[in-house]
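Before any comments, here is the structure.
The values are calculated or read from the model by the stated rules, or taken from the named source; none is laboratory data. As the structure is a computational prediction, the values presented were derived from the model and not from experiment. Positions of Cβ are backbone-derived with ideal geometry, glycine not excepted, and every protein chain shown enters the neighbour counts.
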Amino acid sequence: MLPVSEKEQSTIDPVELRRAFGTFVTGVTVVTTRDEDGLPRGMTANSFTSVSLDPPLLLVCIGKAASSFPAFNSSDSFAVNVLHDRQKDVASVFASKSASKFEAVSHDAIHTGAPVLSDSLTWFDCTVHSRVDAGDHVVLIGRVRAFGTSPAAPLGFCRGRFASVEDPMPPGWTPSRRMVIGYLVEHEGRILLRSDGAGGWGLPTANRRKAGDIVSLDENGAVALLSDDAFLYSVFDVADQEPGYVVYRSILSGQGGAVPELSPSLKFFAPDELPWAHIPVRQIRAMLRRYLHERSEARFGIYADSSDGGRVAMIDGAPRPWRTLNGLAVDHETADG
Ligand SMILES: Cc1cc2nc3c(=O)[nH]c(=O)nc-3n(C[C@H](O)[C@H](O)[C@H](O)COP(=O)(O)O)c2cc1C
């Protein structure tokens, strides 16, 4: 091997150097921000690094030649979206010079207003902590204001190519979280369950909940839900060491139509075919039994766990749709004052 480090800097061949840097295996992110006109800007970046837990800091290096550089260099906030293994196309679009990159993805403003992709492995929404000038790049150091993650497999990058990363976790694992956001999704009388990959069934989960039309389920891509029919259904703890559950009930959009193509780990079950013996979490079995009973009377209750066995608050009448007022989701009564 050449003693590259002993040579003068001027003799470093940038092509060889890029090749040598490329042997360091990384994930792939899309870094996003807004320009002075408020338009979303973004680029694929693998220079992402975690920096500090206290305060919570991360960094990414932005090339000065990038057309989105002025936006990253002047904005107060940015987001880092870590991509999962089914997002090579997203990585390619954001590595291009396309003027319509954001038409390929859906995104939301979460905390700072920087565009957070609706589908990703993990996202960090940051305010700019500092910028460090470094040759042909600027090191952008961000302070994490909000983040979310999912158990999908990461997209890797090595030697200039996208790479598959063998996930060391068993299939169907869920990351340790204080609360799991579960979805009790119904379609034409049948209920959607997710295989845990080991013979058991549970609820599909998502890494965040917003009153929107598309819910991106962990590992299983996005599904379209009728957000007007979604309501909080149950909140419960499982055991001291396990995460608790916040469960929303929702209806898959496209009632009357064909079931959309779903990941193989998702399956709809008719009520009399539910795999009770293979649903390991007792509280989920109890919730599903209550749901089947309540839907037969079209009268639902919201369950909240408590030390004396929990309480159910009944919803009177049909759930009212959400509507947006000045960007805030409010119910009709509030909106109508
Ligand atoms: C896997 C991968 C990683 C990349 N990492 C970075 C990076 O960390 N920083 C950077 O400035 N450009 C990086 N790029 C290049 C930019 O994505 C590319 O220059 C893009 O066209 C910039 O978009 P823009 O000119 O629209 O801003 C990377 C590209 C790929 C494919």
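A single member of 55, 70 is in the same structural domain as residue 155 (by TED's automatic domain parsing), modelled with pLDDT of 95 or more and on the phi < 0 side of the Ramachandran plot, and it is 70. Before we move on, is residue 10 in the same structural domain as residue 138 (by TED's automatic domain parsing) and free of Cβ contacts under 8 Å to residues at least 60 places away in the same chain? When the stated conditions are applied, residue 10 does not pass them.
Of everything in the range 32-42 that is more than 8 Å from the ligand (Cβ to nearest atom) and in a strand (DSSP E or B), the residue that is surrounded by the fewest Cβ atoms within 10 Å (Cβ to Cβ) is 40.
Rundown of residues vs (1) more than 14 Å from residue 82 (Cβ to Cβ); (2) at pLDDT 90 or above, yes/no style:
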{"position": "108", "(1), (2)": "yes, no"}
{"position": "121", "(1), (2)": "no, yes"}
{"position": "130", "(1), (2)": "yes, yes"}
{"position": "133", "(1), (2)": "yes, yes"}
{"position": "136", "(1), (2)": "yes, yes"}
{"position": "151", "(1), (2)": "no, no"}
{"position": "159", "(1), (2)": "yes, yes"}
{"position": "163", "(1), (2)": "yes, yes"}
{"position": "177", "(1), (2)": "yes, no"}
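Taking every residue in the range 43-71 that is part of a strand (DSSP E or B) and pairing it with any residue that is of a type in the set (S, T, N, Q) and away from the ligand (no atom under 13 Å from the Cβ), at least 6 positions away or on another chain, the pairs with Cβ-Cβ distances below 6 Å are 58/50. Out of curiosity, is residue 108 buried (at least 17 other Cβ atoms within 10 Å of the Cβ), outside any loop (DSSP other than H, G, I, E, B) and within 13 Å of the chain's Cα centre (by Cα)? So residue 108 fails the test. The residues of the range 86-100 that are part of a helix (DSSP H, G or I) and free of Cβ contacts under 8 Å to residues at least 60 places away in the same chain, listed by number, are 89, 92, 93.
Residues of the range 26-40 that are in contact (Cβ under 8 Å) with a residue 60 or more places away in the chain and either among the charged types (D, E, K, R) or not assigned by TED's automatic domain parsing to the domain that holds residue 70 (or both): 34 alone.
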